[in-house]
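The values are calculated or read from the model by the stated rules, or taken from the named source; none is laboratory data. What you see is a predicted model, and the numbers here were worked out from it, not measured in a lab. Backbone-built Cβ (ideal geometry, glycine too); neighbour counts: all protein chains shown.
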Amino acid sequence: MTTLTDDTLPATPRAMRDEMIVFVVMALLLASVPFTGVYPFFVMQALCFALLACAFNLLIGYGGLLSFGHAMFLGTAGYCSAHALKVWALPPELGILVGIAAAFVLSIITGYISIRRQGIYFSMITLALSQLLYFIYLQAPFTHGEDGIQGIPQGHMFGVFDLSKPTVLYYVVLVGFLAGFLLIFRIINSPFGEVLKAIRENEPRAISLGYRTDQYKFLAFVLSGTLAGFAGALKVFVAQNASLTDVHWSMSGEVVLMTLVGGLGTIFGPVVGAFVIIAMQQYLAGFGQWVTVIQGSIFVICVLTFRRGVIGEIAHYFRRSL
Amino acid sequence: MRATFKGTPKGSGTGSMQALYAQLLVGLINGSFYALLSLGLAVIFGMLNIINFAHGALYMMGAFVAYFLLNLGGINYWWALLFAPIIVGIFGMILERTMLQWLTGLDHLYGLLLTFGIALIVQGVFQNYFGSSGLPYAIPDQLKGGMNLGFMFLPIYRGWVVVFSLVVCLATWFLIEKTQLGAYLRAATENPTLVRAFGINVPRMITLTYGLGVGLAALAGVLSAPINQVRPLMGADLIIVVFAVVVIGGMGSIMGSIITGFALGVIEGLTKYFYPEASNTVVFVLMVLVLLVKPTGLTGRAA
């Protein structure tokens, strides 16, 4: 199997230090957004997608598994959180937990089914499973079909933080994103992450070394799905609705695109990719279906000439892992 | 119509039985499209090692080419059956020459991503000019009307689609499994380097194979135009169902693809009759069941 990323430098202390510096710079930049006059809604939206793309990247970039159905975790967590907040009137922190729990359960079930096949079949199975869920949500009463769940109350986080204030909401979303990002960073640099990379590079060899590769892939799938669910739960507070768009296959495709643009298997790539794609959608919103055409073209260009992605190219240039 | 026949199907009058046959026929028609599309996917995967995500978009193009031929060129359905697959097939071969061929040796995933991008471009362009609504395409005069078979009323066009698709599927099977050309093709699938050493132009064969697979998709598009109308997104959801069909049947065998395609169409039709709420999802549920019982798919080989 040819590798997805050619820069598989070992996680030396120096590389880790570099990555932590970049992380701190990113966190400071993001924390200063409310003082710069940038539209916070845009950044919050991008942060949710960035977390989703990072979770997706954990699976493809480090496990070599291309899921074409990650929208199902985003959408499921979104629907469940929204339902918990609106109908059960739970406080925000519990609403988020409900969403994460739903994505956790879903990823266990779908992981158990899809891990049975490899490579291209895995992609097709995850896509089919997410389409199955799409039709279920289309018909289930609690999702309100085409209308979605709307007018979700934002409430007070931990009874203190008023999420209806944009700045407060921004920092809550930012903290959520950074926590998720650090967790993924930790997973990638753990012994578990190293085994995952070994499986990506050469699965038969990993098996011969005594690793139960299916269990590693399953755990990676569950972690990735659950974190994607966390992104979906956060997104509910930003968008204040949960709709079928979040479960549709085109959303799964967008996540793939974000990660591809930023760089598969890079730590910061998915974040950059998410900001690029969300910004593009924002600025090109008036062009109707041409946005789809442009997205398709980016796919084609990335695959043909730019497989490392933005961060991957930079990392390759500086011979660093980022 | 759906709601009316929900209740007790067993032992009810002829009206209900007619509805059952009607749904079976719809199932067979959908099965024809599944078979034609999964057959093309299997042929392409065999030679190019690519899952052609653009298959649904090219199916849609087939229908649109037929529509343009009729409305701009005055070329009727019968010629469209011939020309639309050729035109779309040539378009596909251009795609293969300009883009897909550069992916040789890379991970399978890049082929999926590239063809997904192509699908987005093609669908986006058509959506931009034609919106999301359907354009009508009339049934050709020779196939209008229907006949009474005694137990049901058969619209001739629908019967034609099933019979013609079956013939095309079997012809493709014959071409690949029983002819000299097919033998080259199968050999090149197994070991392209060796076949090249025998003096056979394998890259050209790969291009032609992609053209053939894409042509089959376009043919399915022309066949479906009078039934389902011509819509830019007609292939987008269909391709996901076809992926599930491919997972169930496996891509190892041509005949397997054909049989699985028709069988799943019929099962879907039966579901529409007995439990319409699940008709959208039944293929996916079956996929899950097959994966749980026999993870390698029905035709065996491990991926």
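A compact table of results
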| quantity | calculated |
| --- | --- |
| Set A:102, A:50: member being more than 14 Å from chain B (Cβ to nearest Cβ) and either surrounded by fewer than 23 Cβ atoms within 10 Å (Cβ to Cβ) or within 18 Å of residue A:173 (Cβ to Cβ) (or both) | A:50 |
| Boolean, residue B:54 is within 21 Å of the chain's Cα centre (by Cα), surrounded by 24 or more Cβ atoms within 10 Å (Cβ to Cβ), more than 14 Å from chain A (Cβ to nearest Cβ) and of a type in the set (A, V, I, L, M) | no |
| Test: residue in the range A:253-261 that is hydroxyl-bearing (Ser, Thr, Tyr), within 14 Å of chain B (Cβ to nearest Cβ) and surrounded by fewer than 20 Cβ atoms within 10 Å (Cβ to Cβ) | no |
| Residue list for the range B:82-108, filter: out of contact with any Ser or Thr (no Cβ under 7 Å at 6 or more places or on another chain) and either surrounded by fewer than 16 Cβ atoms within 10 Å (Cβ to Cβ) or facing chain A (nearest Cβ under 7 Å) (or both) | B:82, B:86, B:90, B:94, B:98, B:99, B:101, B:102, B:104, B:108 |
| Scope the range A:272-322; condition closer than 24 Å to residue B:127 by Cα, part of a helix (DSSP H, G or I), without any contact (Cβ under 8 Å) to a residue 24 or more places away in the chain and not polar (S, T, N, Q); matching residues | A:280, A:283, A:285, A:286, A:287, A:290, A:291, A:293, A:294, A:296, A:300, A:301 |
| Exclusive hit being surrounded by 14 or more Cβ atoms within 10 Å (Cβ to Cβ), touching a residue at least 40 places away in the same chain (Cβ under 8 Å), in contact with a Gly (Cβ under 9 Å, 6 or more places away or on another chain) and not in a helix (DSSP H, G or I), set B:154, B:185 | B:154 |
| Matching residues in the range A:28-57 - criterion: being among the polar types (S, T, N, Q) and within 17 Å of residue A:78 (Cβ to Cβ) | A:45 |
| Single unsatisfied condition, residue A:84 versus (1) surrounded by 19 or more Cβ atoms within 10 Å (Cβ to Cβ); (2) modelled with pLDDT of 95 or more; (3) more than 30 Å from residue B:251 (Cβ to Cβ) | (2) |
| All positions within the range B:226-253 that are in a helix (DSSP H, G or I), under 13 Å from the mean Cα position of the chain (by Cα) and away from chain A (no Cβ under 12 Å) | none |
| Test: residue A:179 is closer than 17 Å to residue A:64 by Cα, without any contact (Cβ under 8 Å) to a residue 60 or more places away in the chain and part of a helix (DSSP H, G or I) | no |
| Selected residue [among the aliphatic types (A, V, I, L, M), more than 14 Å from every other protein chain (Cβ to nearest Cβ), surrounded by 24 or more Cβ atoms within 10 Å (Cβ to Cβ) and out of contact with any strand residue (DSSP E or B) (no Cβ under 7 Å at 6 or more places or on another chain)] from B:267, B:258 | B:258 |
| Residues located in the range B:116-138, provided they are more than 9 Å from chain A (Cβ to nearest Cβ) and buried (at least 21 other Cβ atoms within 10 Å of the Cβ) | B:137 |
| The one condition in (1) at pLDDT below 90; (2) within 19 Å of residue B:169 (Cβ to Cβ); (3) surrounded by fewer than 24 Cβ atoms within 10 Å (Cβ to Cβ) that residue B:249 fails to fulfil | (3) |
| Checklist (1) surrounded by fewer than 16 Cβ atoms within 10 Å (Cβ to Cβ); (2) within 21 Å of the chain's Cα centre (by Cα); (3) among the charged types (D, E, K, R) applied to residue B:141, failing item | (2) |
| Residue tally, condition touching a residue at least 40 places away in the same chain (Cβ under 8 Å), over 27 Å from residue A:236 (Cα atoms) and among the aliphatic types (A, V, I, L, M), over the range A:100-119 | 1 |
| Test set (1) touching a residue at least 24 places away in the same chain (Cβ under 8 Å); (2) surrounded by fewer than 19 Cβ atoms within 10 Å (Cβ to Cβ) - residue A:232 fails condition number | (2) |
| Residue ID - nearest to residue B:284 (Cα to Cα), chosen from residues in the range A:132-170 that are of a type in the set (Phe, Trp, Tyr) and either touching a residue at least 24 places away in the same chain (Cβ under 8 Å) or part of a loop (DSSP other than H, G, I, E, B) (or both) | A:134 |
| The listed residue being within 25 Å of residue B:57 (Cα to Cα) and of a type outside the set (D, E, K, R), out of B:116, B:198, B:151 | B:116 |
| Enumeration of residues in the range A:237-267 that are touching a strand residue (DSSP E or B) at 6+ places or on another chain (Cβ under 7 Å) and farther than 20 Å from residue A:176 by Cα | none |
| Residue in the range B:21-31 that is more than 16 Å from the chain's Cα centre (by Cα) and part of a loop (DSSP other than H, G, I, E, B) present | no |
| Odd one out for residue A:64, checked against (1) at pLDDT below 95; (2) out of contact with any Ser or Thr (no Cβ under 8 Å at 6 or more places or on another chain); (3) on the phi < 0 side of the Ramachandran plot | (3) |
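Residue by residue, here is whether (1) closer than 26 Å to residue B:206 by Cα; (2) of a type outside the set (Ser, Thr, Tyr); (3) touching a Gly at 6+ places or on another chain (Cβ under 8 Å); (4) at pLDDT below 95 holds:
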{"residue": "B:4", "(1), (2), (3), (4)": "no, no, no, yes"}
{"residue": "B:10", "(1), (2), (3), (4)": "no, yes, no, yes"}
{"residue": "B:15", "(1), (2), (3), (4)": "no, yes, no, yes"}
{"residue": "B:19", "(1), (2), (3), (4)": "no, yes, no, yes"}
{"residue": "B:45", "(1), (2), (3), (4)": "yes, yes, no, yes"}
{"residue": "B:48", "(1), (2), (3), (4)": "yes, yes, yes, yes"}
{"residue": "B:58", "(1), (2), (3), (4)": "yes, yes, yes, no"}
{"residue": "B:61", "(1), (2), (3), (4)": "yes, yes, yes, no"}
